[in-house]
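K.L.:
Sharing a structure with you now.
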Amino acid sequence: MKSHGETRKNTVVDVTKIYNGIVGEINLSFSLEIEEGSTDDYVFEKAPQVKAKIFEKARGRDENESYVALSVEVTGDYTCQCARCAKEVSEHLCVSAEYGVTRNLNDDSDEYVEAPEGLLDVEELARTLFYLELPQRVLCKDDCQGLCPVCGVDLNLSTCSCKQVKKGKGLEGLKKLLDNYEE
Ligand SMILES: [Zn+2]
Ligand SMILES: [Zn+2]
């Protein structure tokens with residue numbers, strides 16, 4: 001997907017305004033650009049949408065004590081292939097999370113995000129959040145029968161005469177087929 005060629009990213013938010021009490025909250029709404037090659041198995045017709053709010057959740061006596069939080073929601077529709085039968089599947093994903101915002105993150109934390117020098121890269125966080133929730137593999141239905149590893153027939157639609165072979169070596173073939181799809 002092409003970049004819009006913007007020089008300054010308005011998805012990087014100066015949170016010091018909230019720490020200093022100048023503004024109570026900052027709201028953002030933008031499309032998430034999908035980096036080329038990052039989600040080869042998933043096709044997005046339209047960029048996922050991000051809604052984010054950075055706000056003072058609890059007031060402290062000075063700026064170091066204010067508890068600033070980020071709530072973010074990403075929604076997107078995509079198509080991908082069933083991991084067993086390769087049929088095209090349409091999926092909808094909605095991910096939301098809330099984090100505390102800190103200017104110095106000492107440890108890796110799931111609860112806090114870092115805003116170095118008061119700058120919070122909301123797009124980067126939204127992207128990470130969304131990508132992490134994309135499923136490793138998708139099935140067209142829970143009991144998808146997949147393709148026959150011998151003749152390749154879609155076993156959801158018909159049967160084939162390879163059945164007896166499948167019990168032995170056939171399963172190995174099926175496993176290889178699945179492994180290939182998962183790569
Ligand atoms: Zn399937
Ligand atoms: Zn077959």
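K.L.:
May I ask you to list pairs of residues, at least six apart or on different chains, whose Cβ atoms are under 6 Å apart, with the first in the range 79-103 being within 17 Å of Leu134 (Cα to Cα) and the second being away from ligand 2 (no atom under 16 Å from the Cβ) and charged (D, E, K, R)?
P.N.:
If the second residue must be away from ligand 2 (no atom under 16 Å from the Cβ) and charged (D, E, K, R), the pairs left are Thr79/Glu88; Cys80/Asp41; Ala83/Arg137; His92/Asp77; Val95/Glu133; Ser96/Glu73.
K.L.:
Specify which of the listed residues (Val50, Val13, Val23) is surrounded by 14 or more Cβ atoms within 10 Å (Cβ to Cβ) and either closer than 30 Å to Thr159 by Cβ or at pLDDT below 95 (or both).
P.N.:
Values: Val50 fails: either closer than 30 Å to Thr159 by Cβ or at pLDDT below 95 (or both); Val23 fails: surrounded by 14 or more Cβ atoms within 10 Å (Cβ to Cβ).
The unique qualifying residue is Val13.
K.L.:
Across the range 43-82, what is the total count of residues that are of a type in the set (D, E, K, R) and assigned to a loop (DSSP other than H, G, I, E, B)?
P.N.:
Final tally of qualifying residues: 7.
The values are calculated or read from the model by the stated rules, or taken from the named source; none is laboratory data. Since the structure is predicted, the reported quantities are computational estimates derived from the model, not experimental observations. In this analysis, Cβ positions are derived from the backbone assuming ideal geometry, glycine residues included, and neighbour counts consider all displayed protein chains.
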